[in-house]
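These notes are about the structure you will find just below.
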Amino acid sequence: MRFVHTADWHLGRLFHNIHLTDDQRFTLRGLVTMADERNVDAVVVAGDVFDRAIPPTDAVDLLDEIVGVLALDLKIPVVMVAGNHDSPARLEFFSGLARRAGVHVVGRVGARPQPVEVAAADGTCVRFWPLAYTDPETARFELGRDDIHSFEDVFRAQLDSIRPALGGGARDVLVAHAFVSGCRESDSERPLTVGGAGAVAASLFEGFDYVALGHLHERQAAGAGSVRYAGSLLKYSFDEEAHHKSVSMVELGPTSPAKVEEVRLPIRRDVRRVRGSFADIVSGRWGREFVDAYIEVVLTDSEPVLSPLDRLRSLFPYILSIRRETAEVSVSGPEATSAGLKTRSVMDLFSEFFQDVKGVPLSETQTAELVAVIDQTERAGREAVST
Ligand SMILES: [Mn+2]
């Protein structure tokens, strides 16, 4: 049995005001070709299918195209869960109908998660257990359980009902969207909570033959080798320029441990950073790997450079960002620049503002109150149209 584990497609994503749908279509068509050539038995998408709750129509069309070819033309079952960017209800639109075509979409939390069974030609039967991303408040309400307060509680509540069914001749694969503590984060992820309370321990997922995770955009193992993030489909921030984006090809026999191979898909444009003085950059010789890529230039000049964009654009037609490294350090620390502001949490920024105005830091009670307000606002924001 061989299946593809992928996650964090973020269809409809804007990257520095560029629509990435064409890039996403290029890579996903590569996925379809690869899945066909290598005879995969299933494709698993572990959340953040779309970039936002109400995605642009061309992103919806793209999902329709890709899933349609996989399920109807190639007869490859697709198992998909909602991530923290997806709207649970909208992702599940037509899911009853889709299931009959081999597309299994789980957007909402359920008291009794049901497996998707896939039997491969080699006789291996794999049960995929799809769990949608759900925050503790929603899970408490939907499952009618007052004892759910953390993300770990959310998983425990669902896993408790799954565990008795595990084993018994089939292989079990969990599909989930979560932040496992100790794993590496990237700039393009939206934190699940303020203050890092969203993390769960990898040990929660013991008992499965493979755990297909989404949320973190860098591919990595989480704790034990068979709990893994496939990473995002594409690079969605310049801090990911050194990542190797891929999908995971997972092989499971009737008894052997999961074997994972990272398969890189074709990309339309790479994402690269160029750092140096303006003079050095414009006199440099830049190969196609830069000319064809989305570029961020980081200028190291201590003197101001007047309108650098025109010159730089003639070298890098797809330049999306210019930053000045020295400006950031010389103003009054990295906090003072807009680039610095973007990478810091609302919590940090507000605490600092409060300290500046009041002259004293936030008390514990005030901090707790603030965390609750920010959490509530962000949850509301997930259901609203955003850009
Ligand atoms: Mn994501």
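The values are calculated or read from the model by the stated rules, or taken from the named source; none is laboratory data. Remember, predicted model here, so these are calculated numbers, not experimental data. Here Cβ is always computed from backbone atoms with ideal geometry, including for glycine, and neighbour counts include all displayed protein chains. Surface accessibility is based on the protein's heavy atoms, side chains included, excluding ligands, DNA and RNA. Shrake-Rupley method; radii C 1.70, N 1.55, O 1.52, S 1.80 Å.
Overview of results
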quantity: Residue in the range 244-263 that is surrounded by the most Cβ atoms within 10 Å (Cβ to Cβ), counting only those that are under 21 Å from Glu37 (Cα atoms) and polar (S, T, N, Q); calculated: Ser248
quantity: Contacts under 6 angstrom Cβ, first residue in the range 39-56 being assigned by TED's automatic domain parsing to the domain that holds Thr124 and within 13 Å of the ligand (Cβ to nearest atom), partner assigned to a strand (DSSP E or B) and small (Gly, Ala, Ser), 6 or more apart; calculated: Ala46/Ala212; Ala46/Gly214; Gly47/Gly214; Asp48/Gly214
quantity: Only one of Ser302, Ser330 that is open to solvent by 80 Å² or more (accessible area, probe 1.4 Å), more than 30 Å from Arg268 (Cβ to Cβ), at pLDDT below 80 and among the hydroxyl-bearing types (Ser, Thr, Tyr); calculated: Ser330
quantity: Residue within the range 250-262 that is at pLDDT 95 or above, away from the ligand (no atom under 16 Å from the Cβ) and among the basic types (Lys, Arg) present; calculated: yes
quantity: Asp36 over 15 Å from His85 (Cα atoms) and open to solvent by less than 10 Å² (accessible area, probe 1.4 Å); calculated: no
quantity: The range 243-269 residues that are free of Cβ contacts under 8 Å to residues at least 24 places away in the same chain, paired with ones that are β-branched (Val, Ile, Thr) (beta carbon under 9 Å, 6 or more apart); calculated: Lys259/Val250; Glu261/Val250; Arg264/Val247
quantity: Pair list, Cβ < 6 Å and 6+ apart or interchain, from the range 218-242 residues that are touching a residue at least 24 places away in the same chain (Cβ under 8 Å) and over 22 Å from Ile66 (Cα atoms) to residues that are away from the ligand (no atom under 16 Å from the Cβ) and of a type in the set (Phe, Trp, Tyr); calculated: Ser226/Tyr210; Val227/Phe205
quantity: From Leu28, Leu63, Leu20, residue being more than 14 Å from the ligand (Cβ to nearest atom), in the same structural domain as Ser246 (by TED's automatic domain parsing), touching a residue at least 40 places away in the same chain (Cβ under 8 Å) and touching a strand residue (DSSP E or B) at 6+ places or on another chain (Cβ under 8 Å); calculated: Leu63
quantity: Output for the range 264-299, where each listed residue is farther than 27 Å from Met34 by Cβ and open to solvent by 40 Å² or more (accessible area, probe 1.4 Å); calculated: Arg273, Arg275, Ala279, Asp280, Ser283, Arg285, Trp286
quantity: Condition broken by Asp122, with the remaining ones in (1) open to solvent by less than 40 Å² (accessible area, probe 1.4 Å); (2) farther than 17 Å from Thr6 by Cα satisfied; calculated: (1)
quantity: Top-ranked residue of the range 177-193 - restricted to ones that are in contact with a helix residue (DSSP H, G or I) (Cβ under 7 Å, 6 or more places away or on another chain) and of a type in the set (Ser, Thr, Tyr), ranked as nearest to the ligand (Cβ to nearest atom); calculated: Ser188
quantity: Selection status of Asp172, farther than 24 Å from Leu11 by Cα, assigned to a strand (DSSP E or B) and modelled with pLDDT of 95 or more; calculated: yes
quantity: Selection within the range 273-325 - charged (D, E, K, R), in contact with a helix residue (DSSP H, G or I) (Cβ under 6 Å, 6 or more places away or on another chain) and under 30 Å from His244 (Cβ atoms); calculated: Arg273, Glu296, Arg323
quantity: Those helices (runs of 4 or more DSSP H) lying entirely in the range 275-325 with at least 2 residues of a type outside the set (D, E, K, R) and closer than 18 Å to Ile18 by Cβ; calculated: 288-291, 308-315
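A quick yes/no check of all residues on (1) open to solvent by less than 20 Å² (accessible area, probe 1.4 Å); (2) farther than 21 Å from Ala132 by Cβ; (3) within 14 Å of the ligand (Cβ to nearest atom):
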position	(1), (2), (3)
Ala202	no, no, no
Phe205	yes, no, no
Gly214	yes, no, yes
His217	yes, no, yes
Ala221	no, yes, no
Ala224	no, yes, no
Val227	yes, no, no
Ser232	yes, no, yes
